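Asks: Okay, handing you the structure first.
The values are calculated or read from the model by the stated rules, or taken from the named source; none is laboratory data. Note that the structure is a prediction, hence the values are computed from the model and not measured. For neighbour counting, all protein chains shown are included, and Cβ atoms are generated from backbone atoms with ideal geometry for every residue, glycine included. Side chains are part of the model used for accessible areas, which takes the heavy atoms of the whole protein and leaves out ligands, DNA and RNA. Shrake-Rupley method; radii C 1.70, N 1.55, O 1.52, S 1.80 Å.
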Amino acid sequence: MIPKDILDKILRIDITTNRLVTDVFAGAYHSVFKGRGMEFDEVREYQHGDDIRSIDWNVTARTGFAHIKKYVEERELTVMIMVDASASVHFASTGQMKNKLAAEIAAVLAFAAIRNNDKVGLLMFTDEVELFIPPKKGKSHVLRVIREILYFKPKGKGTDIPKVLEYLTKVLRRRSTVFVISDFIDTNADYGPIRKSLRVANQHHDLIAITLTDPREVELPRGALVEVTDAESGQRMVIDTSNDRLCREFHEKAGSFLKSRSRLFETNGIDHIDISTDVPYRKALMSFFAQRRHRLAR
């Protein structure tokens, strides 16, 4: 049985994200995510101005009147939401914890998808695939997806994005829109395997990375003794933030990581949305939709 506090959170997210989807994202989502192409709709009599290349010669010969094949855009998409459940996302210094923010962003995307009659699936991962829910339609299914994100208890602590992307390409045969929500803090710091796996996955699917960052992962508070723990390795150390050199090195290393992370996506042609836990995510999502719509219109 699901605890009452989880049910309350699901209801709260349902109300919050539904309003956001209704007011803002539904139209934007439809305009930037396309279906697989055109599918046959019907045969009708030729009308002046119709493209003669659409004439169905078999029906025309049989009836004695010119007929054309009519096609419509095949709108239905499969949307897969991949959510990082590793130890590093269970963190907050200000604002929301990264995993709670991930759940809310996933809910917005899922509700936008079902408003457009698309299928939605979920993959929760650490250094293993911990949960896979096949894509389906319907609000009850989306609420189950949100419940799983909030209620899920991961077994692992680390992160192995190449492994889970390899799994995804095996189980998801149809081209899909895939959102990967993660801080992309991989215990295997070498970006080589991640780069290759992202490139391969993006060839099969429309891959979009949503990166989550907490302010304390970029800048330390000054003038204090701060105990820092690596959530995935468990390593602990105490930092004296009154030490300017140490703080500067931390800041430079964090900045280097953020630049490297952005470059990872850009060099592989993958759209990415950077979201900080202390800033409302609405603006970042709207900016992404606007940029993508502009790009597709060119």
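Asks: Does G138 satisfy being over 17 Å from the mean Cα position of the chain (by Cα) and under 25 Å from R216 (Cα atoms)?
Replies: No, not satisfied.
Listed here are the residues, each with its yes/no results for (1) among the acidic types (D, E); (2) touching a residue at least 60 places away in the same chain (Cβ under 8 Å); (3) touching a helix residue (DSSP H, G or I) at 6+ places or on another chain (Cβ under 6 Å); (4) closer than 22 Å to I13 by Cα.
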position	(1), (2), (3), (4)
R115	no, yes, yes, yes
V120	no, no, yes, yes
F125	no, no, yes, yes
P154	no, yes, no, yes
T169	no, no, yes, no
G192	no, no, no, no
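Asks: Out of (1) within 19 Å of the chain's Cα centre (by Cα); (2) farther than 20 Å from D84 by Cα; (3) at pLDDT below 80, the odd one out for M286 is which?
Replies: (3)
Asks: Here's another thing I want to ask about it. Considering every residue within region 84-100, establish whether at least one is in a helix (DSSP H, G or I), among the hydrophobic types (A, V, I, L, M, F, W, C) and modelled with pLDDT of 85 or more.
Replies: yes
Asks: From the list I185, I133, exactly one residue is within 18 Å of A102 (Cα to Cα), open to solvent by 10 Å² or more (accessible area, probe 1.4 Å), of a type in the set (V, I, T) and not in a helix (DSSP H, G or I). Which is it?
Replies: I185 is the lone residue from the list that is within 18 Å of A102 (Cα to Cα), open to solvent by 10 Å² or more (accessible area, probe 1.4 Å), of a type in the set (V, I, T) and not in a helix (DSSP H, G or I).
Asks: Evaluate the following for T94: is it of a type in the set (S, T, N, Q), touching a Pro at 6+ places or on another chain (Cβ under 9 Å) and closer than 19 Å to L172 by Cβ?
Replies: Details: of a type in the set (S, T, N, Q): yes; touching a Pro at 6+ places or on another chain (Cβ under 9 Å): yes; closer than 19 Å to L172 by Cβ: no.
The answer is no for T94.
Asks: Restricting attention to region 250-284, and to residues there that are assigned to a loop (DSSP other than H, G, I, E, B) and open to solvent by 30 Å² or more (accessible area, probe 1.4 Å), which single residue is farthest from R295 (Cα to Cα)?
Replies: It comes out as D278.
Asks: For region 228-249, indicate whether the set of residues that are at pLDDT 80 or above, assigned to a strand (DSSP E or B) and within 23 Å of L101 (Cβ to Cβ) is non-empty. So that I can check it myself, show each step before the final result.
Replies: Filtering region 228-249 for residues at pLDDT 80 or above gives 245, 248-249.
Now restrict to residues that are assigned to a strand (DSSP E or B): none.
Checking region 228-249: not a single residue is at pLDDT 80 or above, assigned to a strand (DSSP E or B) and within 23 Å of L101 (Cβ to Cβ).
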